[in-house]
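J.: First the structure, then my questions, so here it is.
The values are calculated or read from the model by the stated rules, or taken from the named source; none is laboratory data. What you see is a predicted model; the values in this text were computed from it and never measured. Using ideal geometry, Cβ is built from the backbone for each residue, glycine included, and neighbour counts are taken over all protein chains shown.
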Amino acid sequence: MKTKNLIVTTLLILLAVVWILPLYWMIVMAITPNDLLKLNSTALWPQGFTLQNFWGVLQIGLTVRWFLNSIIVTILGTALTLVLQSMAAYAFAKMRFKGRQLLFSLTLAGLMVPKEAMFIPLFLMFAQISGHNSYAALYLPRVAIPMGVFIMAQFFRGIPDSVTEAAQIDGASPLRTFFNIIMPMSIPALTSVGIFTYILTWNDFLWPLVSATRKEMFTITTGLASLQGNFAQATELGSLMARGVIAGLPLFILFLIFQKHLIRGISMSSGGKY
Amino acid sequence: MKSRSRINLPVLYFVLPFMVVYVIFQIYPLFQAVIASMFKWDLLTSSMSFIGFKNYTHMFQDPTFWSSLMNTIKFVIFSTPLLIGVGLLFALLLNGTGSKKVLFRTAYFAPYVFSVSIVTLIWGFMFNPQKGLLGEFSRMLGAEPINWLTDPTFAMPAIIIATLWWTVGFNMVLLLAGLQDIDPALYESSSLEGATWFQDLLYITLPSLRRTLELVTILQIIMSFQIFGQVYILTKGGPGGTTRVLIQYIYETGFRDHQLGYASAMAFILFLVMAMVSFFQFRLSKEEN
Amino acid sequence: MKKMTILFMGLIITLLLLPGCSGEKESAADAGNAAEDEVVALELARFFGEPDDELMDSTDLSKANSEAATIQILTNIFNEEHEGEIRIEKLGGSAWGNYYDQLNTTFAANDPPDVAVMHQSNMPAYASRELLLELDDYYTEYEMNPSDWTAPAQKAASYEGASYGVPFDLHANLLHVNVDLFKQAGLVDEQGVPILPTSTEEWFEQSQIMKEKTGKLYWVEDATQFPISFRLFHSLMEQQGVPVVNTNSGQVNIDSQAGKNALQFMLRRFEEGYSDPNADYTSAQQQFMNGEAAIEMNGTWVVDQYSQELSFDYRAMNFPNLMGEKKVWANSHMWVVPKQKEGNRKYEAAMEFSKFMSNHVYEWAAGSGHIAPRKSALQKLADNNVPQRANYAETASNAATFPPVVNYSNIETIIKEEVEKTWLLGNEVDSVLAQAQKRVEAVLSE
């Protein structure tokens, strides 16, 4: 038993080092002056130290506005996705109605469409109503991506029918059953969907690039890209890495905060499904 | 009669809001794209002329289409088991509370928060024989560094490695969520009977995870079929076009060569391939029941 | 349940109404300036990045030390000189790689920017679709002097007999030379200026000498990442007087003796170990900057960086004439004026801006390292002793832009991909040339 634990722990540590190493390297480059990186980019220890790569970005007046835009779009996109998509998923998983199978297949089909193919029709649609350069143009298409429906439906299917039937006998409406009983039971699944959605929304690049073309409407991803000169990876590698850190750090922190909801502690099992 | 209307109204509540958004922002553009596949559609002028199935006949004679499709399929076949297997390993080992587990989970998931441009920037450097860490390590060990991104044998593996690093956290998180729904009492009673961890894994964990594993598999396959960003930035489809995947070709055709009709046709074919694969997977899982 | 429904409905309604109080739409930016309604807001699309924050509003040309700084400062000066009349608004935030993605969507929506920078190589795609204003009459109207433009610049701005752009620069491949290594190898003349080969045989002789005398690599270039190998192939074809594509006859000349000569030379350098077949842009640059390669083939845009940063004696030189005529790949940045719907046209303001930029090509060349497209500016650069410019002044006339084709990007990718198969995949020169020929012909016939 003990040796097994030792082997497992060693393996985990080794893999963790492998996983973290590139990120560590990224941070090292982020605090190294660009000039030194032009000559040598393999150093695992900083060849020099500077905060200018970060400072240069944060000094730009609009950075705060870009962050704000990303935050608004991400919060709205994630909230709407969680509510709308899990409700639809519940109907698909737990309710009987005509055309359910067809509608569900239609929803799944949406996952299999390369977004590069729909990009232009979607773009033109918003252009026709002068809808670009708005938050709605940035978060609404996100809510239409049916990944959450598919994930939540699969998890809802695992909830025994006895739970919903019991609630019905007690006189609860489907909405109340859903919000008061089903959702609290599904925290880990909801947390996953929430995490994926906010990360994918935040890191979306091509769509905000073509839709939010006014400087004030840039998201943090397009805003940071706008600073980039040609051949940036040769001339301003440290700045590029620093911008990557800046864009990713909020997501990382959010993950740290929310990841505990992925796990159900043993003490919670009494409030669980059994 | 009365009971039927009682069922339909709540269903409307639940399904309609999402469906409205979905139809407007996903189905309608998709519908337009499918129609467009029968047209010559110029991106810059938006001019469209009907050409029937010409896009499709052209496609089937286009060697770049076939090589791109093959590269995509190759990627799916080789990366899917790896991504699911490693994700499962991590989920199984790191299920539960405790700060050590939190630390490891965070380490394996962390890459996922970064965008494709920064991930490929890092790995573009990692893989480079002169200026990357992997090259450094090889030289320290006295070996010739591998030209990961320019050697046809290693280019696809390089992309798979970078993708694994970047996205394994997704599968790990989903599988962790699935593990939460396994009744702890099952393990308690099996330990009373003296079962080993391996027997637990085989007879309790994996069967209970079936539903989540199906979910992860189908999602992983669908996402792998649509791989693009990493390939485009790391190798641009090279060396010599040997890693060009289908979405890259669709992007090049539509955005670079301005041929949206042809791009839509290829996207539709890719969609059909994915639909077929999903269909077979559903069939398989139904039979296992 | 009622509370739930109300809350829920409230949430939905609020969220759907939110777009109303979000960012501005197209004309809203002008709404705040109701009083100055005569100010023309000119929408400008460009790449080049952004300078440091303290230079964002600067009008001090002495601070223009990079593409980003120079273009921003010039734009600010224009705004200042035209205050109350024209105000430049930069469209979007595209980095260089995604510039055309963004630009193309504006064309798709029939709402392109008022003035945009464009590469000579990409311009035919738009000109052929009649999306750009023909500028010949405007040159006269705005008293611009096309005869002051160098021949390559004039050629770059035209397509099928009409002009579509105001040239801003030419940028070409140069040789960046480590003079110290050349001295060490004894390959310099009495003034200490490196002697460059004048034929492929001399190329190999020199690389052999370099290896023996210094142990360093003779030549390095980005062989795998950007389409540098395509540019080299094109350069060598032009030197032999055989264009890759003959736009008059539509003839493709890839699978030809000239093509063979070019590709065989390119491949032999790698096979004999005098250049690095796996180098990408950054590693090629690092090898040169670290003194591990005597020559880097790169563009005009790195001249100032190298002048300021290199620790060894550096000289920018003209691309050598290896196969006949003095020719080298070049591209050109030019300002184009997309056609607009009636009622939305700001052509006059766009031409004012283009003329302004044309009048400042000296500052642009000095700040970016690119080659000025005007003879008067070239003269001024030489007179003012701007670092290194005299050393590659000849490139201004050797510059050979790619024949104007509508499917340029496609052709560029095809040629790059095919030729690199010889050194990355080990394919035969003949089969690669035949394959490239076939594919390019297919593209041209579409």
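J.: For segment A:9-43: of the residues being within 7 Å of another protein chain (Cβ to nearest Cβ), modelled with pLDDT under 90 and in a helix (DSSP H, G or I), which is nearest to B:VAL116 (Cα to Cα)?
T.: So, considering only residues that are within 7 Å of another protein chain (Cβ to nearest Cβ), modelled with pLDDT under 90 and in a helix (DSSP H, G or I), the one nearest to B:VAL116 (Cα to Cα) is A:LYS38.
J.: Here's a follow-up. Scan segment B:224-248 for residues that are within 10 Å of chain A (Cβ to nearest Cβ) and in contact with a Phe, Trp or Tyr (Cβ under 8 Å, 6 or more places away or on another chain) and jot them down.
T.: B:PHE228, B:LEU246, B:ILE247, B:GLN248 - these are the residues of segment B:224-248 that are within 10 Å of chain A (Cβ to nearest Cβ) and in contact with a Phe, Trp or Tyr (Cβ under 8 Å, 6 or more places away or on another chain).
J.: Select from segment C:326-363 the residues that are surrounded by fewer than 17 Cβ atoms within 10 Å (Cβ to Cβ) and under 19 Å from C:PHE48 (Cβ atoms) and list them in ascending order.
T.: C:ASN359, the sole residue that qualifies.
J.: Any idea which residue in segment A:217-234 is nearest to A:ALA136 (Cα to Cα), counting only those that are within 7 Å of chain C (Cβ to nearest Cβ) and assigned to a helix (DSSP H, G or I)?
T.: The extreme case among them is A:MET217.
Each row is one residue, and each column tells you yes or no for (1) more than 22 Å from B:LEU270 (Cα to Cα); (2) within 12 Å of another protein chain (Cβ to nearest Cβ).
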| site | (1), (2) |
| --- | --- |
| B:ALA33 | no, yes |
| B:PHE50 | no, no |
| B:LYS74 | no, no |
| B:PRO81 | no, no |
| B:LYS101 | yes, yes |
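J.: Looking only at residues that are of a type outside the set (Ser, Thr, Tyr) and farther than 29 Å from B:MET156 by Cβ in segment B:95-104, which one is surrounded by the fewest Cβ atoms within 10 Å (Cβ to Cβ)?
T.: B:GLY98
J.: Which of (1) hydrophobic (A, V, I, L, M, F, W, C); (2) closer than 22 Å to C:GLN206 by Cα; (3) buried (at least 20 other Cβ atoms within 10 Å of the Cβ) does C:PHE270 not meet, given it meets every other one?
T.: (3)
J.: More than 12 Å from chain A (Cβ to nearest Cβ), out of contact with any Lys or Arg (no Cβ under 6 Å at 6 or more places or on another chain), among the small types (Gly, Ala, Ser) and not in a helix (DSSP H, G or I), is that true of C:SER58?
T.: Yes.
J.: Separate question: Filter segment B:124-167 down to the residues that are of a type in the set (Gly, Ala, Ser) and surrounded by fewer than 17 Cβ atoms within 10 Å (Cβ to Cβ), then identify the one that is farthest from B:GLY85 (Cα to Cα).
T.: Residue satisfying both the conditions and the ranking: B:GLY142.
J.: Report, by residue number, each residue of segment C:77-100 that is of a type in the set (Val, Ile, Thr), part of a strand (DSSP E or B) and away from every other protein chain (no Cβ under 13 Å).
T.: C:ILE86
J.: Tell me, which residue of segment C:296-313 that is outside any helix (DSSP H, G or I) and either without any contact (Cβ under 8 Å) to a residue 24 or more places away in the chain or within 14 Å of another protein chain (Cβ to nearest Cβ) (or both) is nearest to C:PHE48 (Cα to Cα)?
T.: Only one residue tops the list, namely C:GLY299.
J.: If C:PHE78 meets every condition in (1) surrounded by 21 or more Cβ atoms within 10 Å (Cβ to Cβ); (2) more than 25 Å from C:GLN340 (Cα to Cα) apart from one, which number is that one?
T.: Result: C:PHE78 passes all but (2).
J.: Continuing with the same structure: Looking at (1) within 16 Å of A:TRP19 (Cα to Cα); (2) assigned to a loop (DSSP other than H, G, I, E, B), can you tell me which one B:ILE159 breaks?
T.: (2)
J.: Please verify whether C:THR200 is over 20 Å from C:VAL328 (Cβ atoms), touching a residue at least 12 places away in the same chain (Cβ under 8 Å) and under 31 Å from the mean Cα position of the chain (by Cα), treating the condition exactly as stated.
T.: no
J.: Continuing with this model, one more query. Of (1) assigned to a helix (DSSP H, G or I); (2) within 10 Å of chain A (Cβ to nearest Cβ); (3) farther than 30 Å from A:ARG264 by Cα, B:LYS131 satisfies all except one. Which?
T.: All conditions are met except number (1).
J.: Report yes if some residue within segment C:177-192 is within 18 Å of the chain's Cα centre (by Cα), buried (at least 17 other Cβ atoms within 10 Å of the Cβ) and within 24 Å of C:SER332 (Cα to Cα); otherwise report no.
T.: Within segment C:177-192 (the criterion being within 18 Å of the chain's Cα centre (by Cα), buried (at least 17 other Cβ atoms within 10 Å of the Cβ) and within 24 Å of C:SER332 (Cα to Cα)), the answer is no, since none of the residues qualifies.
Each row is one residue, and each column tells you yes or no for (1) without any contact (Cβ under 8 Å) to a residue 40 or more places away in the chain; (2) surrounded by fewer than 19 Cβ atoms within 10 Å (Cβ to Cβ).
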{"residue": "B:THR45", "(1), (2)": "yes, yes"}
{"residue": "B:ASP62", "(1), (2)": "yes, yes"}
{"residue": "B:LEU83", "(1), (2)": "no, no"}
{"residue": "B:VAL113", "(1), (2)": "yes, no"}
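J.: Another question, if that's okay. Considering only residues that are touching a residue at least 24 places away in the same chain (Cβ under 8 Å) and either outside any loop (DSSP other than H, G, I, E, B) or outside the structural domain of C:GLN340 (by TED's automatic domain parsing) (or both), which ones fall in segment C:101-125?
T.: If the condition is that a residue be touching a residue at least 24 places away in the same chain (Cβ under 8 Å) and either outside any loop (DSSP other than H, G, I, E, B) or outside the structural domain of C:GLN340 (by TED's automatic domain parsing) (or both), then C:GLN102, C:LEU103, C:THR106, C:PHE107, C:VAL115, C:ALA116, C:VAL117, C:MET118, C:HIS119, C:MET123, C:PRO124, C:ALA125 are the ones that fit.
J.: Here's another thing I want to ask about it. Of the residues C:LEU196, C:LEU181, only one is in a loop (DSSP other than H, G, I, E, B), outside the structural domain of C:ASP114 (by TED's automatic domain parsing) and in contact with a strand residue (DSSP E or B) (Cβ under 7 Å, 6 or more places away or on another chain); which?
T.: Answer to the selection: C:LEU196.
J.: Across segment C:82-120, what is the total count of residues that are of a type in the set (Phe, Trp, Tyr) and within 16 Å of C:LEU131 (Cα to Cα)?
T.: 2
J.: Sticking with this one: Only one of these is closer than 30 Å to A:ARG65 by Cα and modelled with pLDDT of 90 or more: A:MET147, A:MET118, A:MET152, A:MET87. Name it.
T.: Of the residues listed, the single one that is closer than 30 Å to A:ARG65 by Cα and modelled with pLDDT of 90 or more is A:MET147.
J.: Taking segment C:125-154, which residues are of a type outside the set (Gly, Ala, Ser) and under 15 Å from the mean Cα position of the chain (by Cα)?
T.: Across segment C:125-154, the qualifying residue is only C:PRO152.
J.: Another question, if that's okay. Give segment C:101-115 a look and list any residue that's more than 9 Å from chain A (Cβ to nearest Cβ) and over 18 Å from C:GLY165 (Cβ atoms), or say none.
T.: none
J.: Please count how many residues of segment A:80-106 are touching a residue at least 24 places away in the same chain (Cβ under 8 Å) and facing chain B (nearest Cβ under 7 Å).
T.: 6
J.: Only residues in segment B:245-257 that are of a type in the set (Lys, Arg) count as the first member; pair them with residues that are in a helix (DSSP H, G or I), Cβ under 6 angstrom, at least 6 apart or cross-chain, and list the lot.
T.: Pairs that qualify, where the first residue is of a type in the set (Lys, Arg) and the partner is in a helix (DSSP H, G or I), are B:ARG256/C:SER409.
J.: Across segment C:346-381, which residue is modelled with the lowest pLDDT among those that are polar (S, T, N, Q) and within 18 Å of the chain's Cα centre (by Cα)?
T.: Going through the qualifying residues, I end up with C:SER368.
J.: Sort out for me the helices (runs of 4 or more DSSP H) sitting completely within segment A:107-216 that have 2 or more residues that are under 30 Å from B:MET276 (Cβ atoms), of a type in the set (D, E, K, R) and facing chain B (nearest Cβ under 9 Å).
T.: Here the list reads A:115-128.
J.: Any residue at all in segment A:118-125 that is over 28 Å from A:TRP207 (Cα atoms), out of contact with any helix residue (DSSP H, G or I) (no Cβ under 6 Å at 6 or more places or on another chain) and surrounded by fewer than 21 Cβ atoms within 10 Å (Cβ to Cβ)?
T.: No, segment A:118-125 has no match at all.
J.: Say whether the condition of being touching a Phe, Trp or Tyr at 6+ places or on another chain (Cβ under 8 Å) and without any contact (Cβ under 8 Å) to a residue 12 or more places away in the chain is met by at least one residue in segment A:54-70.
T.: no
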